Amino acid sequence: MKLNSNLTAPLGGNNPVIVQILGICSALAVTVKLEPAVVMGLSVIFVTAFSNLVMSLLRNGIPSRIRIIVQLVVIATLVILVDQVLRAFAYDVSKQLSVYVGLIITNCIVMGRVEAYALGHKPWESFLDGVGNGLGYAMILVIVAFFRELFGSGTLFGIDIIARFGYVGNSLMLFPPMALIIVGCIIWVHRSFNKDLQEK
Amino acid sequence: METLNLFIRSIFIDNMVFAFFFGMCSYIAVSKSVKTAIGLGAAVTFVMVMTVPLNYLLNQYVLSPDALGEGIDLSFLSFIIFIAVIAAFVQLVEMVVEKFSPTLYNQLGIFLPLIAVNCAIMGGSLFMQQKVGESIMNVGDSVVYGLGSGLGWWLAIVMMAAIREKITYSHVPAALKGPGIAFIITGLMGIAFMIFTGIQL
C-alpha cells in the first residue's frame, strides 16, 4: 500500500513541479515540441530512479559532510550515461535538448529527492519514489508541450492536427514566457481542486 | 565592440531567467523580499564570474579534443568536471567567508551551499562551452560572459522580489497565490524583456 503511494503521490497531490516547485529550470525550455519533452521526461525518470537507488544503497557508508559531493558524482555519472546514449541513438533530439540534458545534474528534483527521501529509506522504496517523481515531472512537461505545440504550430509530435483547417500557428506560444504562464495556469487549476494547498 | 555586445546580450537578450529559465528554483523560492534577493544575486554573480573562466580554461586545455595529446578526447567528461569545479568553488567560498567574515556568513546562511545546485551557474558554463569559437574567443570574453549572465540573473530576481513585495496588497485569487502568480508575473516580465531581442551593437 505504502509502495503504491510512493509511485502515485507525485502524480497528484505532491507533484514535484507544481507543488514542491522543483526542477523548473530545465523543464520549460524543452516544451516547445512534444517529442523532446517526452525524451527529457524519460531521461529524468531514469536519473531520479537510479540516483535514488544508488544513494539509498550507499546511505549508511557516507559521512554527511561529504554527501553533497558524492551525490553530485553519482548524478553526474548517470547524466553522462543518458547524454551519451541520446547522442548515439537519438541525435536529432539530443541536438534539440542541447545543454538541458547536462542541466539534469542541477535539476533540483534529483538532488531534492535524494536528500529528502533516499538517504533515509530502503533501496526499493527509494527507487519507486524516484520513478514516481520522475513521472510527475514528465507529466507536467507533456501537458505544457501539448498546449505549446498544438497552439504554437498546430501539430502534435510533428503530425498536422489543426493546421490543415487553416489554423495559423500562434508564434507567441513558442516563446519562453508562454511556458511560464501555462505552468502558472496549471498551478491555478490544480490548487482550485486541492484547497489544502492554497496559501493563506 | 564584440565584447561589449556579448556583455549587453548576456544581460538583456539572453537573460538567464527570461530566455532560458535557469535558476528558477531559487528564483521562485527566494524572491519574497528584496533584501535577501540582493544578497543571493550578489553571491550568484560572484560565483559565476569565477567559475565560468575556470571552466573555460579546463575546457580549452584539458577537455577539448586533442588538448592533452593527439587523439585524446575527454569532452564527454565535461559535465562531471564542471559540476565538480562549481561545487568545490562554492565550498571554498563558504569556508573563506566563514573564516573572515562571520557576519556576512550568517546573513547568507543557507543560500551559499544552495548556489552549487543553481542551474544558472551550471548553465552559464555549458553555454560558454557552446559559444567557444563563436562569441567567446579568450579568457577575457568568458569573464565578461560570466559577469553579464550573473548580473542578468541578479536584475531579474531583484525586480521579481520588488513586484512580489507590492503584490501582497493585491487581491490575487486564492488558488493563484504564491508560486502560481509568481510564474505568471515572470512570464509577463519575459514578454517585456523580448523587446531587447534583435538589438545589435
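The values are calculated or read from the model by the stated rules, or taken from the named source; none is laboratory data. None of the values given here were measured: they were computed from a predicted structure. Ideal geometry is used to build each Cβ from the backbone, glycine not excepted, and the neighbour counts take in all protein chains shown. Surface accessibility is based on the protein's heavy atoms, side chains included, excluding ligands, DNA and RNA. Shrake-Rupley method; radii C 1.70, N 1.55, O 1.52, S 1.80 Å.
Whether any residue in the range A:158-173 is within 27 Å of B:Leu176 (Cα to Cα), at the interface with chain B (Cβ under 9 Å from one of its Cβ atoms), free of Cβ contacts under 8 Å to residues at least 60 places away in the same chain and in contact with a helix residue (DSSP H, G or I) (Cβ under 8 Å, 6 or more places away or on another chain) is what I want to check. Looking through the range A:158-173, at least one residue is within 27 Å of B:Leu176 (Cα to Cα), at the interface with chain B (Cβ under 9 Å from one of its Cβ atoms), free of Cβ contacts under 8 Å to residues at least 60 places away in the same chain and in contact with a helix residue (DSSP H, G or I) (Cβ under 8 Å, 6 or more places away or on another chain).
Among the residues of the range A:80-92, are any touching a residue at least 24 places away in the same chain (Cβ under 8 Å) and open to solvent by less than 10 Å² (accessible area, probe 1.4 Å)? The answer is no, given that none of the residues of the range A:80-92 is touching a residue at least 24 places away in the same chain (Cβ under 8 Å) and open to solvent by less than 10 Å² (accessible area, probe 1.4 Å). Each residue in the range B:29-43 was checked for being out of contact with any Asp or Glu (no Cβ under 9 Å at 6 or more places or on another chain) and open to solvent by 10 Å² or more (accessible area, probe 1.4 Å), and 8 of them qualify.
Against the conditions (1) in contact with a helix residue (DSSP H, G or I) (Cβ under 6 Å, 6 or more places away or on another chain); (2) farther than 30 Å from A:Gly158 by Cβ, A:Val17 satisfies every one except (2).
Taken residue by residue, the range A:126-149 has no member that is under 27 Å from B:Phe82 (Cβ atoms) and outside any helix (DSSP H, G or I). For the range B:133-150, does any single residue satisfy the condition of being at pLDDT below 80 and in contact with a Ser or Thr (Cβ under 7 Å, 6 or more places away or on another chain)? Yes, the conditions are met somewhere in the range B:133-150.
Checked against (1) within 14 Å of chain A (Cβ to nearest Cβ); (2) within 17 Å of the chain's Cα centre (by Cα), B:Leu74 passes all but a single condition, namely (2). For the range A:56-68, taking the residues that are crowded, with 16+ Cβ neighbours inside 10 Å and hydrophobic (A, V, I, L, M, F, W, C), the one that is farthest from the chain's Cα centre (by Cα) is identified as A:Leu58. Does the range A:32-71 hold any residues that are free of Cβ contacts under 8 Å to residues at least 60 places away in the same chain, more than 12 Å from A:Arg113 (Cβ to Cβ) and assigned to a helix (DSSP H, G or I), and which are they? Across the range A:32-71, the qualifying residues are A:Val39, A:Val54, A:Leu58, A:Ser64, A:Arg65, A:Ile66, A:Arg67, A:Ile68, A:Ile69, A:Val70. Close contacts from the range B:177-191, counting a first residue that is over 13 Å from B:Tyr27 (Cα atoms) and in contact (Cβ under 8 Å) with a residue 40 or more places away in the chain and a second that is open to solvent by less than 20 Å² (accessible area, probe 1.4 Å) and assigned to a helix (DSSP H, G or I), with Cβ to Cβ under 6 Å and a gap of 6+ residues or different chains, come to B:Gly190/A:Pro177; B:Gly190/B:Phe18.
For A:Gly13, state whether it is open to solvent by 10 Å² or more (accessible area, probe 1.4 Å), closer than 28 Å to A:Val189 by Cβ, assigned to a loop (DSSP other than H, G, I, E, B) and at pLDDT below 85. Yes. The set of residues in the range B:25-35 that are out of contact with any helix residue (DSSP H, G or I) (no Cβ under 7 Å at 6 or more places or on another chain) and modelled with pLDDT of 80 or more contains only B:Lys35.
A single member of B:Leu112, B:Leu54 is more than 27 Å from B:Glu2 (Cβ to Cβ) and not acidic (Asp, Glu), and it is B:Leu112. Every test in (1) buried (at least 24 other Cβ atoms within 10 Å of the Cβ); (2) over 14 Å from B:Val144 (Cβ atoms); (3) more than 10 Å from chain A (Cβ to nearest Cβ) is passed by B:Met48 save one, and that test is (2). Of the helices (runs of 4 or more DSSP H) contained entirely in the range B:84-196, those carrying at least 1 residues that are surrounded by 15 or more Cβ atoms within 10 Å (Cβ to Cβ) and within 12 Å of another protein chain (Cβ to nearest Cβ) fall at B:111-114, B:119-131, B:139-167, B:179-193.
The rows are residues; the columns are (1) closer than 25 Å to B:Ala120 by Cα; (2) within 13 Å of chain B (Cβ to nearest Cβ).
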site: A:Val54; (1), (2): no, no
site: A:Arg59; (1), (2): no, no
site: A:Ala88; (1), (2): no, yes
site: A:Ile109; (1), (2): yes, yes
site: A:Ala116; (1), (2): yes, no
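Taking the range A:121-130 as the range and being closer than 27 Å to B:Gly23 by Cα and open to solvent by 30 Å² or more (accessible area, probe 1.4 Å) as the test, only A:Phe127 passes.
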